[in-house]
Each structure stands twice: as C-alpha cells, then as structure tokens.
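The values are calculated or read from the model by the stated rules, or taken from the named source; none is laboratory data. Since this is a predicted model, take the numbers as computed values, not measurements. In this analysis, Cβ positions are derived from the backbone assuming ideal geometry, glycine residues included, and neighbour counts consider all displayed protein chains. With ligands, DNA and RNA removed, areas are computed over all heavy atoms of the protein, side chains included. Shrake-Rupley method; radii C 1.70, N 1.55, O 1.52, S 1.80 Å.
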Amino acid sequence: MSDALSRTATCLCGAVTVSPAVINPKFTVCHCASCRKWSTGPLFMLQCGEDVTFDGKEAISEYDSSAWAARGFCNRCGTNLFVRFKHNNSFNVPVGLFPDVEGLEMSMQYFIDSKPDYYCFSNETPTLTEAEILAYFADKM
Ligand SMILES: [Zn+2]
Ligand SMILES: [Zn+2]
C-alpha cells in the first residue's frame, strides 16, 4: 500500500484500468476447478473491498460464475480483472495485475481439497475445504 501508482493496474491491452482504494497485501489462493479453468492455474487474488474504480467499463464483461460471485474480464484482450462477491459487492483482483505491490504474502488457500496433485506450494498457510466455504456462504446466497 505504498503509492497510487502501485494501486493502479491495467489489462493487457490497456482498455481497462483498475484502481482499488485499498489493497490488502495478504493475498489468497483458490484451487477450485472454476478458478483453475478461468485462470488456467491456481488463482492468486488480492482482497480490495468495495471501493474499486474501473475505467474503460465498456470493455468489461462479467460472467455469472456462481450463486455468490461473478467474474469480470476485459472483452478485448481477455485479461481476468476481478471476482465480485454479490452479497457485499466487494472485489478480489488478481495479484498479477499489481506486480509492484509491496509486502505480498500468501495468507490463505481456498478449496484445498480441490487442489490437483500436479502442483503443491511450500508456503505454510491456513486452508479451507469446499465444505467449510459452502458453510460460510450458506446464509449469503
Ligand atoms: Zn484489455
Ligand atoms: Zn475458486
């Protein structure tokens, strides 16, 4: 959370700019099948809250991926831009869009029971299973 520069990201083609007011550098990883299909690997996300400014909205498309979240992407270059949680309209933004955020630290791994065997992180973090996550969202759908 150093300066405004490090908090502004663009997609590959530059049509969309993403500017969160706040970035929590303790990022999360999701191993679920949807995230792995969407991002072609485990998904590294920064929690950016509700106060996120998007420029180039005409180039943003959303895919309604589950009962609790939608996924946004640039409809010109295909860069994945965010996961938006419907119950509070908060955004998680891929870590890769913000290469110079300081203090990045893996803090949590979601859907650990969906992680395939072909990769494994050595980071020691708390984990949540699918059942634990579904219990969390049960009253938010
Ligand atoms: Zn783009
Ligand atoms: Zn996921």
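Measure off, as a whole percent, the carbon and sulfur share of the 1.4 Å-probe accessible area of the chain, all protein chains present.
Carbon and sulfur: 52 percent of the exposed surface of the chain.
On full extension of the chain, what length is gained from Leu134 through Tyr119, given 0.36 nm per residue of separation minus the C-alpha to C-alpha distance?
3.0 nm
Solvent-accessible area of Cys77, probe 1.4 Å, all protein chains present, reported in Å² to the nearest ten, please.
Per-residue accessible area (Cys77): approximately 40 Å².
Dividing the convex hull volume of the alpha carbon atoms of the chain by its residue count, what do you get in Å³ per residue?
108 Å³
What are the GluC sites (Glu not before Pro) within segment 73-139 that DSSP puts in a loop, where the Cβ has at most 12 other Cβ atoms within 10 Å?
Listed in order of number, the matching sites are Glu102, Glu124.
Please work out how much length the chain gains when fully extended from Ala33 to Ser65, using 0.36 nm per residue of separation minus the C-alpha to C-alpha distance, in nm with one decimal.
10.4 nm
Per the helix-only calculation at 222 nm, which mean residue ellipticity applies to the chain, given -39500 (n - 2.57) for every DSSP H run of n ≥ 4 and division by its residues, nearest 500 deg cm²/dmol?
So the calculated ellipticity at 222 nm is -3000 deg cm²/dmol.
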